[in-house]
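Q: My structure is below; once you've seen it, I'll send some questions.
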Amino acid sequence: MGRLAEWIQANTGLLPLTQYKIVASIAVLILLWLIRTVVLNVVFRRTQDVRVRYRWKKVSLYVAGTLGFLFLGGLWLRAFQSVGTFLGLVSAGLTIALKDLVSDVAGWIFILWRRPMEVGDRIQIGEHRGDVIDIRVFQFTLMEIGNWVDADQSTGRVIHIPNGMVLSEMLANYSKGFQFIWNEIAVLVTFESNWREAKAILQDIASKHAEQLSSEAEQKIREAARRFLIFYLNP
């Protein structure tokens, strides 16, 4: 092994210590990749739930990335031994040079901490509406609805939105807390029409098709009222 290191140093100029760091770095990256692959294979065999699989993929990626960063940083950077100094210098540099990216990371932390939305939720942020299909460190992704398409149907477009927008824009969640929304259907009744008969027909249709939904909505209101100040005098 010593002769091999000497040969590499003679041909590449790499010192033995540098060679050790390179080999150790590669070994750690391969080990983390293998562990993550095994964990995901086990999870995928045990569940078919898309959301559970997605969460495990994200969590395992973040854990492996953090462990790899800590190990490689400690291996290659002497200043990393002083964690406080290292983090202080990095934070100052990022704040000045990468203001938008820092805002996006802060937004990502806010999303993970406060959970204003999750994958699968239907939201509106600013002028954009859609179903959340992915959340990453710097941006989240929506499958757009509405816009030029009526009845909240999907437009087929995928929108990538910076995470920093959750800190500066209004965010409305269709699915969080209370999973029902009220809507109005306009019905044209002319002066010549029998409005009483029209009202009776509409009430009959509503009772036939929405009776079960109404009772379910009332139950959801009571559940949501445990967390939020939600009440309706005329639900």
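The values are calculated or read from the model by the stated rules, or taken from the named source; none is laboratory data. Because the structure is predicted, anything quoted here is derived from the model rather than measured. Neighbour counts are summed over all protein chains in view; Cβ atoms, including those assigned to glycine, are modelled from backbone coordinates with ideal geometry.
Q: Inside the stretch 117-144, can you point out the residues that are of a type in the set (Gly, Ala, Ser) and without any contact (Cβ under 8 Å) to a residue 12 or more places away in the chain?
A: Result: no residue meets the conditions.
Q: From the list Arg136, Arg129, Arg157, Arg196, exactly one residue is farther than 30 Å from Phe110 by Cβ and modelled with pLDDT of 70 or more. Which is it?
A: The match here is Arg196.
Q: Are any residues in the stretch 123-163 more than 12 Å from the chain's Cα centre (by Cα) and charged (D, E, K, R), and if so, which ones?
A: Within the stretch 123-163, Glu127, Arg129, Glu144, Asp150, Asp152, Arg157 meet the criteria.
Q: So which of Ala64, Ala79 is farther than 30 Å from Gly146 by Cα and either β-branched (Val, Ile, Thr) or at pLDDT below 80 (or both)?
A: So the residue among Ala64, Ala79 that is farther than 30 Å from Gly146 by Cα and either β-branched (Val, Ile, Thr) or at pLDDT below 80 (or both) is Ala79.
Q: Can you confirm whether Ile181 is free of Cβ contacts under 8 Å to residues at least 60 places away in the same chain and farther than 30 Å from Val102 by Cβ?
A: So Ile181 passes the test.
Q: When Thr155 is evaluated against the numbered criteria (1) more than 23 Å from Leu101 (Cβ to Cβ); (2) assigned to a loop (DSSP other than H, G, I, E, B); (3) touching an Asp or Glu at 6+ places or on another chain (Cβ under 8 Å), which criterion, by number, is the only one it fails?
A: (2)
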